[in-house]
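One structure below.
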Amino acid sequence: MAQTPTPKIRMPATAKAGEVVEVKTLISHEMESGNRKDKDGKAIPRKIINKFTAKFNGNELMTVDWFPAISANPYQSFFVRVPESGTFTFEWLDDDGAVYKAEQKVTVS
Amino acid sequence: MIMSNPNLQPPERGLTLSRRDLLGASACAAVAAVLPAYPALAAGERTSQFEEAYAKLTGDRKPTERGVTFELPELAENGNMVPFSISVQSPMTDADYVKQVTILSTGNPQPVIATFHFSPDSGRAQISGRLRLARTQDLIAVAELNSGALVSGTANVKVTVGGCGG
């Protein structure tokens, strides 16, 4: 791979207790589908991020299984409820076992 | 829009191709050449892989077509990056929430595109992202509620450049 995948998160840093907020995530990754062949006709092996997890203070809120039909540089937006001040962590699991992480603190005002 | 169509250039330009035309054309030809040949399916037809995955997902439960908004562009010029959004009507409380949503493709080499597992703390069963499509086809989003009931939504996308690399 050319470079280490870099995750990006966009979500509000403050919220009201119990408010549902939108989270936008993006990670740079080629998501090689395994269906393509190189110019010698050999199959290019699959290498994708196959799982995405969102947690709040360690509790799992949402997981997503990704398959090769997810575009390169996967973008995803979804919603979370903010019960109290705390930290959201987001994890992307690569086919090769690598885990890419990002986190965001949210303060309840 | 007519002015920008390369096929409608003034006649004095003759047969010369710009560097950009040539690069664009050869890049896609190269990608097309390395793609495995998919059996040509008529519009509305579904791959056997899709039927299998659909049967496995739904079992003997029959999804009702209601409450799922599945949005995709009608026409996708580039099958490599097609934006989608799904929203399932649900209060998302401990007593009543959407457990999971699966997107299935009727025309891709692999039928499952993604499965989203929600919890009541997800707040809203709504997601958006970008997916790959090999060719013009129908897509189905099947949502499973915590009661075990299934609801679904369908979308049709016409793909111009059949999923270069999809």
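For the pair B:Lys158 and A:Val20, label points projected 7 Å from Cα toward Cβ lie 3.5 nm apart. On full extension, the segment bounded by A:Thr6 and A:Ser28 gains 7.4 nm, given 0.36 nm per residue less the C-alpha separation. Our coupling estimate for the range B:124-137, obtained by passing each phi through the Karplus curve with A = 6.51, B = -1.76, C = 1.60 and θ = phi - 60°, is 8, 8, 9, 9, 9, x, 9, 10, 10, 10, 6, 6, 4, 6 Hz, Gly and Pro reported as x.
Computed from backbone phi with θ = phi - 60° and the Karplus coefficients 6.51, -1.76 and 1.60, the 3J(HN,Hα) list for the range A:13-28 is 8, 10, 7, 7, 4, x, 6, 9, 10, 8, 10, 10, 10, 8, 9, 7 Hz; x is used for glycine and proline.
Projecting the Cα positions of B:Met92, B:Phe70, B:Thr47 onto the charge dipole of the range B:39-99 (unit charges on Cβ atoms of Lys, Arg, Asp and Glu, taken about the Cα centre) puts B:Met92 furthest along the positive direction. Remark: relative contact order (chain A) = 33 percent; criterion is Cα-Cα distance under 8 angstrom and separation of 6 or more residues.
When B and A come together, around 2600 square angstrom of accessible surface is lost from both chains combined, probe 1.4 Å. Between A:Ala43 and B:Glu51, the simple spin-label model (points 7 angstrom out along Cα→Cβ) gives 2.4 nm. Peptide A:74-86 has a mean of 4 when you count, residue by residue, the C-beta atoms of other protein chains within 10 Å of its C-beta.
Listed cross-link partners A:Lys8/A:Lys55; A:Lys101/B:Lys99; A:Lys51/A:Lys101 are compared with a 21 Å cut-off, the Cα-Cα value being larger for A:Lys101/B:Lys99. Only the Cβ atoms of Lys and Arg (+1) and of Asp and Glu (-1) were treated as charged; on that basis the dipole of chain A about its Cα centre amounts to roughly 200 debye.
The values are calculated or read from the model by the stated rules, or taken from the named source; none is laboratory data. Values in this document were obtained by computation on a predicted structure and should not be read as measured data. Note that each Cβ is placed from the backbone with ideal geometry, even for glycine, and that neighbours are counted across all protein chains shown. Please note that ligands, DNA and RNA were not included when accessible areas were found on the heavy atoms of the full protein model with its side chains. Shrake-Rupley method; radii C 1.70, N 1.55, O 1.52, S 1.80 Å.
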